[in-house]
Every structure is written in C-alpha cells, then in structure tokens.
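Report on the structure given below.
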Amino acid sequence: SAKASGSNQWAFFKAQMTERAAVRLRTEASLHDALKNNEFLLHFQPKLDIKTGEVVSCEALIRWQKDGRLISPISFIPVAEETGIVIPIGRWVIEQSCKTIRDWQIRYNFSLPVAINVAPQQFQDASIVPDIKQASLRYQIAPELLEIEITETSLMSDIDSAIIKLKQLKSAGFGIAVDDFGTGYSSLSYLRRLPITTMKIDRCFVSDLPEESAIASTILMLGKQLNLNIVAEGIENEQQLSWLQERDCQIGQGFYFSQPLSKEEFEAKYIEPNHTLVKTIHT
Ligand code: C2E
Ligand code: MG
Ligand code: MG
Ligand code: MG
C-alpha cells in the first residue's frame, strides 16, 4: 500500500541520516585526534608577479597526513566547519604560518608574505582578530607579511561585524583578500565599503580563458576601479597567462607555475635561492 511504501521510504531516509551523522561524528573525533597528534601540515603554493616572474608571496594550504596518505582539505574542512573544530584547526594554521614566516627570516634572511585561508565560521568567531594579532606579535613578524583569505560567504552573513573585523585587521597592517571572487554572492554595493586589499579571481573564470572572458574582464575592471590588487588563481597554461598579462593582472597562481609544495620543497625552490648571507662582524 501507499502507506507502507511511505513508511519504508521514511525508514530508508532515517537510516541514511543516521549513517551521515555517524560519519560526521567519526570524522569529528578523528579531527580532534589529528590536532592532538599533530597530523596536519601546510603546503605552500607560490604567487608570482606575472610581469617579472618574481615570487612575491605564497598561499598556505592545509593537508591531513592520515595513515600515510595526504588528505585534501576539500574532504575535511567542510566537516570541520559543521562541527566547529575548524576554529582550533584554523588557529593552528595561523600559528604555523607565522612560525614559518619567522623561520624563513631567521634561516634565510628572507621575508616572504604568506596567505592563510580563514573559514567562514572561524571568521565569525569573536577570537579571530586577537588570534591573528597575538600570533604575529609572538613571532615578531610584520603584519604586512600575513594575508588573510576569506570568501564572500564569510563577509555577507553578518556584514556589519565583518566590516568591524576587517577594519581592525587592515588598520593593523594585515593584507585581506576575497578568495574565489565571483562564485559567492557579495553585493557590489557592499564591496565598496569593505576594507579589503585584494580580490582573487576564482579558478573557474581563469579556466574559461581566453574563449570566455567576460567575467574575468569585469573583475579586473572592478579591481582597478576600487584600487585593489588582483590575483588570478588556477592559471594552468600559457594562453591563460598571456591573456592576463595583456590585461594588467599583477599576480598569478596556478599549476602552470607550481603545484602546492611541501615546506621543504618550497624552501629549496623558492626560499633558498634568495638567501642573503648576514655577515657577523667580529671585533
Ligand atoms: P582555495 O583557497 O581557493 O585554494 C586554491 C585551491 O586550488 C588549492 O586546492 C590549490 O591546490 C588549487 N589550485 C591551485 N592552482 C591550481 C590550478 O592551476 N589548477 C587546479 N585545478 N587547482 C589549482 P587545495 O589545496 O585542495 O585547497 C582547496 C580549498 O580548501 C582551498 O581553496 C580552501 O578553500 C580550503 N583550504 C585549504 N587550506 C585551508 C586552511 O588552512 N583553512 C581553511 N579554512 N580552508 C583551507
Ligand atoms: Mg585561498
Ligand atoms: Mg581560491
Ligand atoms: Mg577555490
């Protein structure tokens, strides 16, 4: 009967929900263990000045080393967001990034800015501004060397509180980039009020180049009008690069230049070559 089949569907639905909840609980528990057991690590991807080819910055991207495999943030950050554990994970990212900036200064006498991704829930947390300020103070790094990447979702869900936090961060000197720009739904009128320094054109618009260029052109124009730096993410080939170079995009990131690399690989390739000897004067 219809009633029986309806109740079967309900039972099926309930079983599915229970399964999902169970998976979420298991993942949350292992994320707690991962933090405790130090199973996270950061990879780094360079950002280049696409006119000169110079590496001007890098993005820190989290990975989870679990049973000898590297797990992508795509598969655990969303769960971490749902359960709130993204806040302590995010704190770890802030800490490690500041530590890395300091480490490169000490070992190589070289200052390279690092960009970190801040999840919406983490940005909405009251401790985000003090967390960032305290970590940069603790490692004695200039705020200009740390850039915060946030998505439109983080900004739009509570715009007034977002503006207050952005003002605090920007006036302290930190860089602020809107990540994946064009994929969320930020209102253009708010964009003008936001104290940000950079817009990152989402990879999906870069991958459409050069055939489909309407959105990328528009974002570049908007950035120029609003006096913001523009970073193109996900550059994978020469044609995309040329298109961006011809249109005054300043900074690029993508597999065409480099995949995200382990800290050691990144140092060997991009930090070591810049090493300048600090002469100690013996008297
Ligand atoms: P995102 O911040 O937009 O980072 C860019 C992603 O695109 C990275 O993926 C990067 O490896 C990838 N990518 C860069 N260039 C290319 C390219 O040329 N082609 C293609 N196909 N992909 C490219 P990844 O490392 O898997 O990170 C995915 C997302 O996970 C990030 O997107 C970010 O939203 C999130 N994420 C990464 N690390 C963190 C973190 O520490 N905290 C938080 N909250 N989220 C993070
Ligand atoms: Mg990012
Ligand atoms: Mg992005
Ligand atoms: Mg993205």
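The values are calculated or read from the model by the stated rules, or taken from the named source; none is laboratory data. Here the structure is a predicted model, which is why all the values come from computation and not from measurement. Cβ: placed from backbone, ideal geometry, glycine included. Neighbour counts: every protein chain shown. Surface areas here come from the heavy atoms of the whole protein model, side chains and all, with no ligands, DNA or RNA. Shrake-Rupley method; radii C 1.70, N 1.55, O 1.52, S 1.80 Å.
Results for (1) touching a helix residue (DSSP H, G or I) at 6+ places or on another chain (Cβ under 7 Å); (2) without any contact (Cβ under 8 Å) to a residue 40 or more places away in the chain; (3) within 16 Å of ligand 3 (Cβ to nearest atom); (4) not basic (K, R), shown as yes or no for each residue.
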position	(1), (2), (3), (4)
F123	yes, no, yes, yes
S127	no, no, no, yes
Q134	no, yes, no, yes
I150	yes, yes, yes, yes
D179	no, no, yes, yes
L191	no, yes, no, yes
I196	yes, yes, yes, yes
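Testing Q168 on (1) open to solvent by 20 Å² or more (accessible area, probe 1.4 Å); (2) polar (S, T, N, Q); (3) part of a helix (DSSP H, G or I); (4) more than 26 Å from P143 (Cβ to Cβ), one condition comes back false. Which one is that?
The failed condition is (4).
Out of (1) at pLDDT 95 or above; (2) at positive phi, the odd one out for D180 is which?
In the conditions (1) at pLDDT 95 or above; (2) at positive phi, D180 misses (1) alone.
Just give me the residues in region 187-214 being closer than 17 Å to N227 by Cβ and not in a helix (DSSP H, G or I), in sequence order.
Residues satisfying the conditions are L194, P195, I196, T197, T198, M199, K200, I201.
Looking at I116, I106, I71, I101, can you tell me which residue is without any contact (Cβ under 8 Å) to a residue 24 or more places away in the chain, touching a strand residue (DSSP E or B) at 6+ places or on another chain (Cβ under 9 Å) and of a type in the set (A, V, I, L, M, F, W, C)?
Working: I116 fails: without any contact (Cβ under 8 Å) to a residue 24 or more places away in the chain; I106 fails: touching a strand residue (DSSP E or B) at 6+ places or on another chain (Cβ under 9 Å); I101 fails: without any contact (Cβ under 8 Å) to a residue 24 or more places away in the chain.
Only one candidate passes the filter, namely I71.
Here is a list: E59, E81. Which entry is within 16 Å of ligand 4 (Cβ to nearest atom), under 28 Å from L191 (Cα atoms), charged (D, E, K, R) and surrounded by fewer than 20 Cβ atoms within 10 Å (Cβ to Cβ)?
Numbers: E59 fails: surrounded by fewer than 20 Cβ atoms within 10 Å (Cβ to Cβ).
Step by step, each of E59, E81 is checked, and only E81 is within 16 Å of ligand 4 (Cβ to nearest atom), under 28 Å from L191 (Cα atoms), charged (D, E, K, R) and surrounded by fewer than 20 Cβ atoms within 10 Å (Cβ to Cβ).
Residue pairs, Cβ under 6 Å, 6 or more apart or interchain, first in region 258-273 and open to solvent by less than 20 Å² (accessible area, probe 1.4 Å), second of a type in the set (F, W, Y). List them.
Pairs that qualify, where the first residue is open to solvent by less than 20 Å² (accessible area, probe 1.4 Å) and the partner is of a type in the set (F, W, Y), are F266/F44; I271/W104; I271/Y108; I271/F110.
Quick check on region 83-100. Is at least one of its residues under 27 Å from E236 (Cα atoms), aliphatic (A, V, I, L, M) and in contact with a helix residue (DSSP H, G or I) (Cβ under 6 Å, 6 or more places away or on another chain)?
The answer is no, given that none of the residues of region 83-100 is under 27 Å from E236 (Cα atoms), aliphatic (A, V, I, L, M) and in contact with a helix residue (DSSP H, G or I) (Cβ under 6 Å, 6 or more places away or on another chain).
Kindly list the number of the only condition in (1) free of Cβ contacts under 8 Å to residues at least 24 places away in the same chain; (2) within 16 Å of ligand 3 (Cβ to nearest atom); (3) under 21 Å from G254 (Cα atoms) that fails for T52.
Tallying (1) free of Cβ contacts under 8 Å to residues at least 24 places away in the same chain; (2) within 16 Å of ligand 3 (Cβ to nearest atom); (3) under 21 Å from G254 (Cα atoms), T52 fails exactly one: (2).
Would you point out the residue of region 206-234, among those that are under 18 Å from the mean Cα position of the chain (by Cα) and open to solvent by less than 30 Å² (accessible area, probe 1.4 Å), that is nearest to ligand 1 (Cβ to nearest atom)?
Initially, region 206-234 is screened for residues under 18 Å from the mean Cα position of the chain (by Cα), giving 206, 228-234.
Narrowing the set further to residues that are open to solvent by less than 30 Å² (accessible area, probe 1.4 Å) leaves 206, 228, 230-234.
Details: V206: 8, L228: 17, I230: 15, V231: 10, A232: 10, E233: 6, G234: 4 Å.
Filtering region 206-234 for residues that are under 18 Å from the mean Cα position of the chain (by Cα) and open to solvent by less than 30 Å² (accessible area, probe 1.4 Å), the one nearest to ligand 1 (Cβ to nearest atom) comes out as G234.
For region 181-205, enumerate the residues that are surrounded by fewer than 21 Cβ atoms within 10 Å (Cβ to Cβ) and of a type in the set (D, E, K, R).
Selection gives R192, R193, R203.
Which of the following residues is under 15 Å from the mean Cα position of the chain (by Cα), away from ligand 4 (no atom under 16 Å from the Cβ) and open to solvent by 60 Å² or more (accessible area, probe 1.4 Å): R91, R138?
Working: R138 fails: under 15 Å from the mean Cα position of the chain (by Cα).
Of the residues listed, the single one that is under 15 Å from the mean Cα position of the chain (by Cα), away from ligand 4 (no atom under 16 Å from the Cβ) and open to solvent by 60 Å² or more (accessible area, probe 1.4 Å) is R91.
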